[in-house]
Amino acid sequence: MNKASRSHDEAMIEMLKGDPEFANAYLAVALDEADQPGGQQALLAALRHVAEAQGMSAVAERAGIPRESLYRALGPKGNPTVKTLLAILSASGLHLSVTRQVAA
């Protein structure tokens, strides 16, 4: 990778920094696709991008969890509890909502 190029993660984090509405849409799509193959890992990656855009230390502090625990929870092998997930969302200024699935 040359100096002029950025990784996908870096580009996503940069886009999320200045656009809270994009963060909402990005996470909504990731949540909608969480039941697809690889979807849970993609959702964790999306949450991590949002947390990195806001500052991992700041999100961890607002969530009341150690920064290292936040990194582990949102890492490739992460499996956060519902309590941790809700704390991360709240600390990021977001909340989980549920809608009825349209029958196919």
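Give A51, A42, A30, A25 a once-over and let me know the one that is free of Cβ contacts under 8 Å to residues at least 12 places away in the same chain, under 23 Å from V98 (Cβ atoms) and either within 12 Å of the chain's Cα centre (by Cα) or not in a helix (DSSP H, G or I) (or both). Outline the logic, then answer.
Details: A51 fails: free of Cβ contacts under 8 Å to residues at least 12 places away in the same chain; A42 fails: free of Cβ contacts under 8 Å to residues at least 12 places away in the same chain; A30 fails: free of Cβ contacts under 8 Å to residues at least 12 places away in the same chain.
Result: A25 is the single residue among A51, A42, A30, A25 that is free of Cβ contacts under 8 Å to residues at least 12 places away in the same chain, under 23 Å from V98 (Cβ atoms) and either within 12 Å of the chain's Cα centre (by Cα) or not in a helix (DSSP H, G or I) (or both).
Name the pairs whose Cβ atoms lie under 6 Å apart, with the first residue in segment 56-84 and of a type in the set (G, A, S), the second in a loop (DSSP other than H, G, I, E, B) and at pLDDT below 95, and 6 or more positions between them or separate chains?
What qualifies is A73/P80.
With the condition kept exactly as written, say whether any residue in segment 56-77 is of a type in the set (A, V, I, L, M), in a loop (DSSP other than H, G, I, E, B) and exposed (fewer than 12 other Cβ atoms within 10 Å of the Cβ).
Restricting attention to segment 56-77, the residues satisfying the condition of being of a type in the set (A, V, I, L, M) are 56, 58-60, 63, 65, 70, 73-74.
This time we only want the ones that are in a loop (DSSP other than H, G, I, E, B), so: 65, 74.
Right, trim to exposed (fewer than 12 other Cβ atoms within 10 Å of the Cβ) and you get none.
Among the residues of segment 56-77, not one is of a type in the set (A, V, I, L, M), in a loop (DSSP other than H, G, I, E, B) and exposed (fewer than 12 other Cβ atoms within 10 Å of the Cβ), which makes the answer no.
For S97, indicate whether it is surrounded by fewer than 19 Cβ atoms within 10 Å (Cβ to Cβ) and in a helix (DSSP H, G or I). Spell out the reasoning first.
Details: surrounded by fewer than 19 Cβ atoms within 10 Å (Cβ to Cβ): yes; in a helix (DSSP H, G or I): no.
It is false that S97 is surrounded by fewer than 19 Cβ atoms within 10 Å (Cβ to Cβ) and in a helix (DSSP H, G or I).
Among the residues of segment 21-40, which ones are surrounded by 15 or more Cβ atoms within 10 Å (Cβ to Cβ) and either farther than 18 Å from L86 by Cβ or charged (D, E, K, R) (or both)?
Answer for segment 21-40, where residues must be surrounded by 15 or more Cβ atoms within 10 Å (Cβ to Cβ) and either farther than 18 Å from L86 by Cβ or charged (D, E, K, R) (or both): F22, Y26, E33.
The values are calculated or read from the model by the stated rules, or taken from the named source; none is laboratory data. Note that this is a predicted model, so its numbers are computed, not measured. Cβ coordinates were reconstructed from backbone atoms using ideal geometry, including for glycine residues, and neighbour counts include every protein chain displayed.
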